[in-house]
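The values are calculated or read from the model by the stated rules, or taken from the named source; none is laboratory data. All values derive from a computational prediction rather than experimental measurement. Cβ placement follows ideal geometry from the backbone for every residue including glycine, while neighbour counts extend to all protein chains displayed. Quick note on the areas: whole protein, heavy atoms, side chains included, nothing else; ligands and nucleic acids left out. Shrake-Rupley method; radii C 1.70, N 1.55, O 1.52, S 1.80 Å.
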Amino acid sequence: MNQIIAIDGPSASGKGTVAQRVAEQLGFHYLDSGAIYRLTALAARQQGVLWSDEDSVLSVAQYLDVVFDGERILLSGVDVSDAIRSEEIGSGASQIAALPKVREALLARQQAFAQAPGLVADGRDMASVVFPAAPLKVFLTASAKVRAERRYRQLIGRGEAADLAVITADLEARDARDRARTVAPLAQAEDAFLLDTTEMDIDAAVAQVLLWWRAQK
Ligand code: CDP
Ligand code: CDP
């Protein structure tokens, strides 16, 4: 099954929203690969495992009991859909995501989402590592300022307290770590289309991805 659209990009560039909409339009499955890293970070925290302890995080990753049930994500039977979205767990996800053995252990779990009729997958290394043969690869980005404002509005919209300066600093620190790591760093793949959404709304970004998809067929 190689009906795959790989969408990578930095935090709050709109990957998840765009990927989900494109998947809906095409009737494809959707993989939020970041959620798998977030789940691993949360499970490690719950088990008292340090995010820097590669072998212990590896065994957490290997025995992760996860069910994706529509909008809900269950970890060992408990709904953690909201718990994994905090900036703290995002930071933990980025720390454990730099550990090579952990990435390797999570690979097959992500590739298993590639099922008929097709898949839209978003993350950091969908194009480079997880689905290198995907016929369409997109690198979605936006300026750091616009991304921080989007994340701010998203948190306020959920009724959470948010501080734009703190969000900007967290986002830049996470992006820097994701770009600098030696395994599967965040980068635009050579054969990926660049989509800069700094001044583009979600509908326009979705329309562009669909246009590229139809053009390559
Ligand atoms: O998945 P990722 O972290 O890249 O971003 P997201 O969660 O899809 O988007 C972050 C926020 O930005 C969401 O609230 C989107 O609705 C919003 N967004 C936007 O306002 N304009 C865009 N072109 C893309 C996303
Ligand atoms: O929503 P946002 O873009 O802020 O983050 P996410 O996609 O949920 O990913 C959380 C963290 O997981 C990222 O900062 C990356 O360090 C890591 N990640 C990764 O290394 N590889 C992926 N394919 C997806 C996420």
Checklist entry - Considering the range 1-11 alone, what residues qualify as being surrounded by fewer than 23 Cβ atoms within 10 Å (Cβ to Cβ) and either out of contact with any strand residue (DSSP E or B) (no Cβ under 8 Å at 6 or more places or on another chain) or over 14 Å from TRP212 (Cα atoms) (or both)? => result MET1, ASN2, PRO10
Checklist outcome for this item: Looking across the range 153-165 at residues that are of a type in the set (A, V, I, L, M) and open to solvent by 80 Å² or more (accessible area, probe 1.4 Å), the single one that is farthest from ALA12 (Cα to Cα) is ALA161
Next on the checklist: For the range 108-126: of the residues being crowded, with 24+ Cβ neighbours inside 10 Å, near ligand 2 (Cβ under 10 Å from one of its atoms) and not acidic (Asp, Glu), which is nearest to SER33 (Cα to Cα)?
Outcome noted: GLY123
Next on the checklist: I'd like to know if the range 43-63 contains one or more residues that are open to solvent by less than 40 Å² (accessible area, probe 1.4 Å), in a helix (DSSP H, G or I) and within 12 Å of ligand 1 (Cβ to nearest atom).
Outcome noted: no
Next on the checklist: Looking at the range 181-201, can you tell me whether even one residue there is open to solvent by less than 70 Å² (accessible area, probe 1.4 Å), β-branched (Val, Ile, Thr) and assigned to a helix (DSSP H, G or I)?
Outcome noted: no
Next on the checklist: I'm told LEU210 meets every condition in (1) out of contact with any strand residue (DSSP E or B) (no Cβ under 6 Å at 6 or more places or on another chain); (2) within 14 Å of ligand 2 (Cβ to nearest atom); (3) of a type outside the set (Ser, Thr, Tyr) except one. Can you identify the failing condition by its number?
Outcome noted: (2)
Checklist entry - From ALA165, ALA215, which residue is over 23 Å from ALA93 (Cβ atoms) and either over 17 Å from the mean Cα position of the chain (by Cα) or not hydrophobic (A, V, I, L, M, F, W, C) (or both)? => result ALA215
